[in-house]
Amino acid sequence: MARILVSGLVNIETVLQIDGFPIEYFPVRFPFFGVHSTISGVGFNIAKALTTLGEDVYLCSIIGNDIHQTQIYEALLDARINPEWVIDGSNSTPQSVILFDPNGKRQIHVDLKDIQQKQYPQKKFEEALALASLAVLCNINFSRGYLAKTKLAGIPIATDVHSISCLEDEYNYDFMAAADILFCSDELLPCEPEEWADKVLSRFRANVVVIGLGDKGAYLAVRDRAIREKLDPVYTRPVVNSIGAGDALFSCFLHYYLATKDASLSLRKAMVFASYKIGERGAAEGFLPERDLEIIYAKNYLA
């Protein structure tokens, strides 16, 4: 069991099932059982996935002092995540609305409220960091100020910058520059994944770069082993909603990579984990325990 600090967003997530994209205007619609609200957010998703896989997680996050507070703390306890590091430092909890169609395609709307202007308490972060062997610093502003402190403490940093299109991206540059393990999506890349990975390795210090390719699989580049590998997609069950697939891929990769240092094996298992996860509606739902994942992995890769 690894000890992992996760600094990232917790929000209220509402998913809405639609008939398809683009959306035709209509004044009212009744999607029975098509609206579903849960606790989510990148930080929560990663913390829950890692905890489900058996890791010891310290989730540092900021939520609102509002009607959602009790619901969030109950969700943390249900997921076996210690709520000690989650503080109510804002007036309003961030919220998201995700539209998804029958093919699993999704469109995300995120209202961060005033979270980008809030700072996570330094003393609490340092207490959590002192317990950790890896820091997952998600690309939210309250994580940004702790990139240098984490590097100074000698703790490896993993981050996911999601949809990215430029190496000099003003918002994500600090996170890319600090990361030892760097994930992103191919959705907005200006070039092929192979070229992008080489550019990242030339520009930044990361040793491992993973690019999620959606239904086309994933691409892996590892500096110290000169690995360049395109992995084919995995299908484990019907897709309901692709929201949270990247968080699942990222989390499961970290779980196995910490244990094995085998990036290729870790990514193959993470793809199975993510494939199974998207058979659920919510971003924080559908995570497999390791024992169940190993069974499905054996059927997909060892048969």
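The values are calculated or read from the model by the stated rules, or taken from the named source; none is laboratory data. Note that this is a predicted model, so its numbers are computed, not measured. Heads up, the Cβs are rebuilt from the backbone with ideal geometry, glycines too, and the neighbour counts pull from every protein chain shown. Only protein heavy atoms, including side chains, enter the accessible area calculation; ligands, DNA and RNA are left aside. Shrake-Rupley method; radii C 1.70, N 1.55, O 1.52, S 1.80 Å.
When DSSP beta bridges are restricted to pairs lying wholly in the range 128-277, around 50% turn out antiparallel. Projected onto planes of every orientation and averaged, the convex hull of the alpha-carbon atoms in the range 241-283 covers 2.4 nm². Dividing the summed -39500 (n - 2.57) terms of all DSSP H runs of n ≥ 4 by the residue count of the chain sets its mean residue ellipticity at 222 nm at -9500 deg cm²/dmol. The loop-placed GluC sites (Glu not before Pro) in the range 1-91, going by DSSP, that have at most 12 neighbouring Cβ atoms within 10 Å of their Cβ come out as 24. Could you work out the percent of alpha carbon pairs in the range 67-186 separated by over 21 Å, rounded to a whole number? Taking all Cα-Cα pairs of the range 67-186, the fraction more than 21 Å apart is 52 percent.
Could you work out the local net charge near residue 19, counting Lys and Arg as +1, Asp and Glu as -1, over the other residues with Cβ closer than 13 Å to its Cβ?
On the way: positive: 29, 105; negative: 24, 101.
Charge balance in the 13 Å sphere: 0.
Phi angles of the range 218-230 translate, via the Karplus equation with coefficients 6.51, -1.76, 1.60 and θ = phi - 60°, into HN-Hα couplings of 7, 10, 10, 9, 10, 5, 6, 10, 6, 8, 9, 9, 9 Hz per residue; Gly and Pro are given as x.
Can you give me the relative contact order of the range 193-253 as a percent, contacts being Cα pairs under 8 Å and 6 or more apart? Provide the component values of the computation, followed by the final result.
Values: 61 pairs, mean separation 13.2, N = 61.
Worked out over the range 193-253, it gives 22 percent.
Among 40, 185, 133, the largest mean-square fluctuation in a Gaussian network model of the chain (Cα springs under 10 Å) belongs to 133. Sparsely packed loop sites in the range 137-199 (the chymotrypsin sites (Phe, Trp or Tyr not before Pro) outside DSSP H, G, I, E and B with at most 14 other Cβ atoms within 10 Å) comprise 171.
Here the simple spin-label model places points 7 Å from the Cα toward Cβ, and for residue 71 and residue 32 these points are separated by 2.4 nm. Average 1/r across all pairs of distinct alpha carbons in the range 1-138, invert it, and you get the Kirkwood radius: 16.2 Å.
Computed over the chain with a Gaussian network model linking Cα atoms closer than 10 Å, the most mobile of 260, 159, 150 is 260.
The rule of thumb for compact globular proteins, 2.2 N^0.38 Å, goes into the C-alpha radius of gyration of the range 173-303 1.02 times.
What share of the DSSP beta bridges in the chain is antiparallel, in percent to the nearest 5? Given both bridge residues lie in the chain, the antiparallel proportion sits at roughly 45 percent.
Shown for the chain: the carbon plus sulfur share of the solvent-accessible area, taken with all protein chains present and a 1.4 angstrom probe, equals 52%. Calculated translational diffusion coefficient of the chain (25 °C, 0.890 mPa s; Stokes-Einstein with Kirkwood radius over alpha-carbon pairs) equals 126 µm²/s. Can you flag which of 149/199; 124/199; 118/261; 48/118; 118/230; 118/199 are past 30 Å Cα-Cα? Violating the 30 Å limit, Cα to Cα: 124/199; 118/261; 118/230; 118/199.
Please report the projected area of the range 161-225's Cα convex hull averaged over all directions, in nm².
Values: hull surface 15.6 nm².
Approximately 3.9 nm², given one-decimal rounding.
Skip the ligands, DNA and RNA, and give the accessible area per residue of the range 199-295 with a 1.4 Å probe, whole Å².
Numbers: 3810 Å² over 97 residues.
Here the per-residue accessible area is 39 Å².
Grab the beta carbon distance between residue 171 and residue 195, set R0 = 22 Å, and tell me the FRET efficiency rounded to 0.05. Walk me through the numbers on the way to the answer.
Details: r = 22 Å, r/R0 = 1.00.
Efficiency at R0 = 22 Å is approximately 0.50.
Assuming R0 = 45 Å, can you tell me the calculated FRET efficiency for the pair residue 228 and residue 149, based on Cβ-Cβ distance, to the nearest 0.05? Could you put the intermediate results ahead of the total?
Values: r = 33 Å, r/R0 = 0.73.
With a Förster radius of 45 Å, E is 0.85.
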